1. Towards the positive end of the charge dipole of the chain, with charges on Cβ (+1 Lys, Arg; -1 Asp, Glu), say which of Leu248, Pro190, Leu143 has the farthest Cα.
2. How high is the relative contact order of the stretch 15-283, given as a whole-number percent (alpha carbon pairs under 8 Å, six or more residues apart)?
3. For the chain, just say rounded, prolate or oblate: build the C-alpha gyration tensor, square-root its eigenvalues into a ≥ b ≥ c, call rounded for a/c under 1.5, and beyond that prolate if a/b exceeds b/c, oblate if not.
4. What shape does the stretch 160-239 have by the C-alpha gyration tensor, where a ≥ b ≥ c are the square roots of the eigenvalues, rounded means a/c under 1.5, and otherwise prolate means a/b greater than b/c and oblate the rest?
5. Among Ala278, Ser221, Ile28, whose Cα lies farthest out toward the positive end of the dipole of the chain, if unit charges sit on the beta carbon of Lys, Arg (+1) and Asp, Glu (-1)?
6. If R0 is 22 Å, what FRET efficiency do you get for Arg21 and Ser77 from their C-beta distance, rounded to 0.05?
7. Report the gain in length on full extension from Leu241 to Val256: 0.36 nm times residue separation, minus Cα-Cα distance, nm rounded to one decimal.
8. Nearest 0.05, what FRET efficiency do Gln249 and Glu277 give at R0 = 22 Å with Cβ-Cβ as r?
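Bear in mind that the values in this text are calculations on the coordinates, not laboratory data. Given the structure is predicted, the values throughout are model-derived calculations rather than measurements. Cβ: placed from backbone, ideal geometry, glycine included. Neighbour counts: every protein chain shown.
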Amino acid sequence: MHEFTVDRSLYPFESRWFDGRYGRMHYIDEGHGTPIIFFHGNPTWSFLYRNIITRLRGEFRCIAVDYLGFGLSEHPSDFGYTVEEHVAAVGEWLDHLNLDGFITMGQDWGGPVSMAIATERHATVRGVVLGNTWFWPSDGWRLKLFSIVMSSWPMQYLVLHRNLFVEFLPFAVSQKPTDAVMQHYRDVQPSPAARRGIAEFPREIRAARPLLERLARDVPSRLGSKSALFVWGMKDPAFGLAAVLSRLQGAFPDNVLIRLPQANHFIQEDAPDAIAEAIIQRFGGADDEGEKDR
């Protein structure tokens, strides 16, 4: 299915597959207990959560999917890779799993994707984990400028033909990734056709405004009563701002905030132990009510 071979010493999980209406999606499903579903951003995949999952799978059922066009999932040519389409595809997969009482974790674009999934299924959501993300229209100049620049044809060419977005990744972490780790981000998207999803996300910062406006309204009203955990990399120039945290805390009154002082944007690479421990402290010790048919 996919030419890339995963190093199982880095990613020691069994690959699973879901053949949905939109394409074939890859995911992992490890451990038992309360389900926690991990949503990645751009240009990452479920590999990003590997060190958190290995620490949590003794106590939680850890589930992580690769969006279409990312990781080991299919790259359908007739898929538009918009956030709305990702939400539809991931939602179909999640409904197939038939979970109840689950927790979502989202970072980067995984925030809006997880919140869109969760607001539509709010009765079955037990809790919410968010890190270095947002779920409302981006009116700040940083993200808007980033979107405009990265959507320009020279930058789109570099993203598609030179894998530029992945080459940015070492600048979005505090701990320099090893060559083997970078290979798992770089080589899993081996061609321009395989990078269409990566190239689309920057445009979506502005293009997905209708979805983000909907989330700005629906997240507080449908999910605001849920238990929330915020794990925040404070060295992130895009999301390390007090205003972002203030808005999150306003949306989820029952929240715990864990600041990760040395972590940059990709907190899963910089602080997996601290994140796993925060999740255990916030949500551990529950019964297995979320465990249904595998």
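1. Most positive-ward Cα: Leu143.
2. Details: 512 pairs, mean separation 56.9, N = 269.
21 percent.
3. Working: a/c = 1.31, a/b = 1.14, b/c = 1.15.
Judged from the Cα gyration tensor, the chain comes out rounded (a/c under 1.5).
4. Working: a/c = 2.66, a/b = 1.52, b/c = 1.75.
Oblate.
5. With unit charges placed on the Cβ atoms, the residue in question is Ser221.
6. Values: r = 15 Å, r/R0 = 0.69.
Calculated value: 0.90.
7. Details: separation 15, 0.36 × 15 = 5.40 nm, distance 1.69 nm.
The Leu241-Val256 span can extend by a further 3.7 nm.
8. Details: r = 21 Å, r/R0 = 0.94.
Efficiency computed from Cβ-Cβ geometry: 0.60.
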